Each structure stands twice: as C-alpha cells, then as structure tokens.
C-alpha cells in the first residue's frame, strides 16, 4: 500500500528496489489490493516480482470503492466477478493465491459474498479466500459457507483490538491471522514523523493517533519502546515485529516500507528471540490501552464490523 500513494508519493525505482530486497531476504508473502492506487499497486507488484512470481504467495483484495470522498464497501456477487478479472489482468496471473474481501459490505449478507468468492475457487481463479477487519461472528458465518484461510486486520503493540476475540476465533477455526500496520503506522519505527512532516496525501493525516491532542502522548510511548530496543541491542522495528511473531505460529505480519534499508532491517525480526522477561517488560512499557486515539482513518472508520 505504501508504494502507491497512501503515505505520500513513492518513487518507482525505490519501490522496485524494496521488493527486490524483500525477495532477497527470503520474504515470500506479498500483499496488494485493487484499491491501492486504483489498480496501480497490482501493476507494480507484477512488474516488481517479474520472473520471481513463482517464489511467492501473492494476496490481493477487492470490495472497496471511492464514492463522494468516502470509501464504501461493495460485496455484491457482481462486484466479486468484476473485481477478480481486473486483478488477474493487472497482476498478470491465471490464479490469485489468496483473495480477500477488503471490508465487509453491511448491505450484503456475508454468506452471499463468500459464496460468490467460492465460485472463483471452483473456477481456478483463486486458491484461498480471506477476509479483512471482520468480527468473530462474521468469520464464523463466512467459514461455514466456505473455508477461510486468513483474516487480515490491524494488529501491533500499538493496536491490540484483535485480542478481543478474533485471534481466538482464528485459532479455533484454523484460520491464519495477518496483522497489517504492524509498526503502528510509523510510531514503532523509532523515527516517528511529526504531524508537520505528513504530506497532503498521507492517510495518517486523518488517523486519530496523529491528531494534535494525541500525538505527543503517543510519541513518548514510542520513545520508551525505542529505548528498550536499544537496551536489547536491536531496532524498534525488529522488536515490534518480533513481538507479533511471538504471539503464535499462525500470525504472519506484513510490513510496508518504501526503502531497501528498512526492508533489510525489518527482515531481521525473524531471528530476534524475545524471552519472557523481555516480553513482560514490553507490556509494562506499552500496556494495552496506553495509546491515545483510535486507529481507524476517517475514510474507513464507518466500515467497522462489530
């Protein structure tokens, strides 16, 4: 997502280098979506992966449309059929490994949407189905219609809402969990951008975490985590990603960065082992509920599935 304008303009050369660095580091799970740059990101993914496409599991998403300055969900069967054809063409593939519903459409029963998605599996256009930002009840209903392979929701030291039930439901049903924004939308990188540094197109401008009344408080929390990472002789990004990897074997975080050096740093989280005292100290420094403000940007907050 970060390579297609959501956090400001990205240079194509830097984007291609970042993907190449991820591949070289052994990262083999890539995530895109129809909505990222209105198809730009899927085309970029196809170009960046090139002949190395067979080395990776490739996920994309459908179900969001831009309407009168807002993002709306569209889970109708007709949109399922339309969207998959476009994604297949832009990605340059015959089959999508993992196909997510980007947000649940409140006007369409989840069984109807997932039933239409299941027909894509039957036709060989999709291998596995996924959902994004759904409640435990929605996941259960969807899984009864067709097996769901993965749920993708925001989860990090910064945003711990999934601990309210969806993580347990995924574990019970054998569904993988994919945390997005695992670095707290930048707060957990150790290099928090100031509010003034955010570009006009940066989605964080409408994210409550970065609002004036919350920012300084959250910045202090992030500094504490960065200091502890230094005590462990690691980076705050590796610490935050390793914390997620320690939450369970079915949890696979996806980070987004536009720079090769950051990719290489993040990839090192896979080798970082956190013992029980370290995990306990992290919880002391950043207990659940300590972060001020909500995580959802204004453009998608109304699509929350409760």
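The values are calculated or read from the model by the stated rules, or taken from the named source; none is laboratory data. Not measured: the values here are computed from a predicted model. When we count neighbours, we look across all protein chains shown, and the Cβ atoms used for this are built from the backbone with ideal geometry, even at glycine.
Here is a yes/no grid of residues against (1) within 21 Å of residue 1 (Cβ to Cβ); (2) part of a helix (DSSP H, G or I):
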{"site": "116", "(1), (2)": "no, yes"}
{"site": "156", "(1), (2)": "yes, no"}
{"site": "171", "(1), (2)": "no, yes"}
{"site": "179", "(1), (2)": "yes, no"}
{"site": "186", "(1), (2)": "yes, yes"}
{"site": "200", "(1), (2)": "yes, no"}
{"site": "204", "(1), (2)": "yes, yes"}
{"site": "209", "(1), (2)": "yes, yes"}
Qualifying residue in region 126-144 (condition: within 25 Å of residue 257 (Cβ to Cβ) and more than 18 Å from the chain's Cα centre (by Cα)): no
Criterion (free of Cβ contacts under 8 Å to residues at least 24 places away in the same chain and under 17 Å from residue 157 (Cα atoms)) met by exactly one of 220, 205, 185: 220
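In region 132-164, which residue that is in contact with a helix residue (DSSP H, G or I) (Cβ under 6 Å, 6 or more places away or on another chain) and under 28 Å from residue 186 (Cα atoms) is surrounded by the fewest Cβ atoms within 10 Å (Cβ to Cβ)? Reasoning before the result, please.
Residues of region 132-164 in contact with a helix residue (DSSP H, G or I) (Cβ under 6 Å, 6 or more places away or on another chain): 136, 138-139, 141-143, 145-146, 148, 151, 153, 155-158.
So of that shortlist, the ones also under 28 Å from residue 186 (Cα atoms) come out as 136, 151, 153, 155-158.
Numbers: 136: 19, 151: 28, 153: 21, 155: 25, 156: 25, 157: 27, 158: 24.
By that ranking, first place goes to 136.
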Those residues of region 225-234 which are touching a residue at least 12 places away in the same chain (Cβ under 8 Å) and either in contact with a strand residue (DSSP E or B) (Cβ under 8 Å, 6 or more places away or on another chain) or part of a helix (DSSP H, G or I) (or both), in sequence order: 225, 226, 228, 229
Filter result (surrounded by 17 or more Cβ atoms within 10 Å (Cβ to Cβ) and over 17 Å from the mean Cα position of the chain (by Cα)) within region 247-261: 260
Filtered residues of region 235-278 (kept if under 15 Å from residue 177 (Cα atoms) and in contact (Cβ under 8 Å) with a residue 40 or more places away in the chain): 241, 243, 244, 247, 248, 250, 251, 252, 253, 254, 255
Matching entry among 222, 240, 270 (being surrounded by fewer than 19 Cβ atoms within 10 Å (Cβ to Cβ) and in a helix (DSSP H, G or I)): 270
Conditions (1) modelled with pLDDT of 95 or more; (2) in contact with a strand residue (DSSP E or B) (Cβ under 6 Å, 6 or more places away or on another chain): number failed by residue 295: (1)
Flag if residue 190 is crowded, with 16+ Cβ neighbours inside 10 Å, modelled with pLDDT under 85 and more than 22 Å from residue 36 (Cα to Cα): yes
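Strands (runs of 3 or more DSSP E) wholly in region 18-80 with at least 3 residues that are farther than 21 Å from residue 95 by Cα and under 19 Å from the mean Cα position of the chain (by Cα) - which ones?
In region 18-80, 70-73 are the strands (runs of 3 or more DSSP E) which contain 3 or more residues that are farther than 21 Å from residue 95 by Cα and under 19 Å from the mean Cα position of the chain (by Cα).
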